[in-house]
Amino acid sequence: MIRVVLPHHLRTLAGVEGEVALDAQERPTQRSVLDALEASYPVLRGTIRDHGTAKRRDFIRFFACGQDITLDPADDPLPERVASGEEVFRVVGAMAGG
């Protein structure tokens, strides 16, 4: 099982509180986790990734085991501690401004 933590506004949109649990694949990747998240919560489609291109939206970041993995290839396996459910896959809405 993959544990996913969403930013507050996406939890509200999806109607969930706390972590989201998704079925794990043998070698979960960013792409497979986001695909499963959007399949389980269709209202999130287009909020994290673009509808047409499936590219990450600006100001969205991904973290695993305390490391920013946003720019890692989407099909690279996630760390074992995330794959096993020991650690969370975190989706973060980045802040901008001045």
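Structure values in brief
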item	result
Top-ranked residue of segment 81-93 - restricted to ones that are modelled with pLDDT of 95 or more and open to solvent by 40 Å² or more (accessible area, probe 1.4 Å), ranked as nearest to the chain's Cα centre (by Cα)	Arg90
Residue that is farthest from Val91 (Cα to Cα), among those in segment 39-50 that are of a type in the set (Val, Ile, Thr) and open to solvent by less than 70 Å² (accessible area, probe 1.4 Å)	Thr47
In segment 24-33, residue most open to solvent (accessible area, probe 1.4 Å) [restricted to those that are in contact (Cβ under 8 Å) with a residue 12 or more places away in the chain and part of a loop (DSSP other than H, G, I, E, B)]	Arg27
Qualifying position, being in a loop (DSSP other than H, G, I, E, B) and either open to solvent by 20 Å² or more (accessible area, probe 1.4 Å) or in contact (Cβ under 8 Å) with a residue 40 or more places away in the chain (or both), among Ala21, Ala36, Ala96	Ala96
Failed item, numbered, when Asp58 is tested on (1) at pLDDT below 95; (2) closer than 20 Å to Arg3 by Cα; (3) not aromatic (Phe, Trp, Tyr)	(2)
Segment 54-74 residues that are surrounded by fewer than 14 Cβ atoms within 10 Å (Cβ to Cβ), paired with ones that are small (Gly, Ala, Ser) and not in a loop (DSSP other than H, G, I, E, B) (beta carbon under 7 Å, 6 or more apart)	Phe59/Gly93
Which numbered condition His9 fails, given (1) part of a helix (DSSP H, G or I); (2) open to solvent by 60 Å² or more (accessible area, probe 1.4 Å); (3) within 20 Å of Ala83 (Cα to Cα); (4) not aliphatic (A, V, I, L, M)	(3)
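The values are calculated or read from the model by the stated rules, or taken from the named source; none is laboratory data. Everything numeric in this text was worked out from a predicted model, so none of it was measured. Positions of Cβ are backbone-derived with ideal geometry, glycine not excepted, and every protein chain shown enters the neighbour counts. Each accessible area value is taken on the protein alone, full model and side chains, heavy atoms only, with ligands, DNA and RNA left out. Shrake-Rupley method; radii C 1.70, N 1.55, O 1.52, S 1.80 Å.
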